[in-house]
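The values are calculated or read from the model by the stated rules, or taken from the named source; none is laboratory data. Source: prediction; values computed, not measured. FYI the Cβ positions are ideal-geometry reconstructions off the backbone, even for glycines, and counts take in every protein chain you see. Just the protein is used for accessible areas: all its heavy atoms, side chains included, with ligands, DNA and RNA removed. Shrake-Rupley method; radii C 1.70, N 1.55, O 1.52, S 1.80 Å.
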Amino acid sequence: MDIKSWAVALGALGTFATTIWAVIHSYHSDTRQADHDRQGMEKYIMEQVKADNESLRKERESDQAQFAKDLNELKAKKDAMEQELNQQIALKVSENEALRKRNAALERENQAYRERYGEL
């Protein structure tokens with residue numbers, strides 16, 4: 001083999017080694033880029049989830065505050081209605097007692113009338 005053949009063989013071997021190195025380097029570069037992209041997407045997703053959770057938490061707290069306010073208003077209305085109904089009940093009880101007394105008095109008067117004049 002002469003020098004030209006050795007040079008061509010050495011050049012082919014160098015080209016082959018350079019090609020292998022380029023393929024390996026490209027594979028590792030792609031792997032690193034894929035890892036970097038995956039980490040970036042995971043970070044973005046986590047930020048979005050955190051933002052959504054924060055938004056939902058604020059809405060829930062707002063709803064809870066509104067429910068608490070509504071509940072307090074309803075309790076106040078219920079207490080007012082209960083007080084009014086208790087007053088009406090007390091009034092009806094006193095009216096009922098007065099009517100019972102009046103009825104008893106009329107019953108006594110009626111009984112006295114029957115005793116005096118007899119039954120009709």
* **Members of region 90-120 found to be among the hydrophobic types (A, V, I, L, M, F, W, C) and open to solvent by less than 100 Å² (accessible area, probe 1.4 Å), listed by number** => Ala90, Leu91, Val93, Ala98, Ala104, Ala105, Leu106, Ala112
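Can Ile45 be described as open to solvent by 70 Å² or more (accessible area, probe 1.4 Å) and either modelled with pLDDT of 90 or more or of a type in the set (Lys, Arg) (or both)?
Considered against the rule, which asks whether it is open to solvent by 70 Å² or more (accessible area, probe 1.4 Å) and either modelled with pLDDT of 90 or more or of a type in the set (Lys, Arg) (or both), Ile45 comes out as yes.
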* List pairs: first in region 1-30 and without any contact (Cβ under 8 Å) to a residue 12 or more places away in the chain and open to solvent by less than 100 Å² (accessible area, probe 1.4 Å), second β-branched (Val, Ile, Thr) and in a loop (DSSP other than H, G, I, E, B), Cβ under 8 Å, 6+ apart or cross-chain? -> none
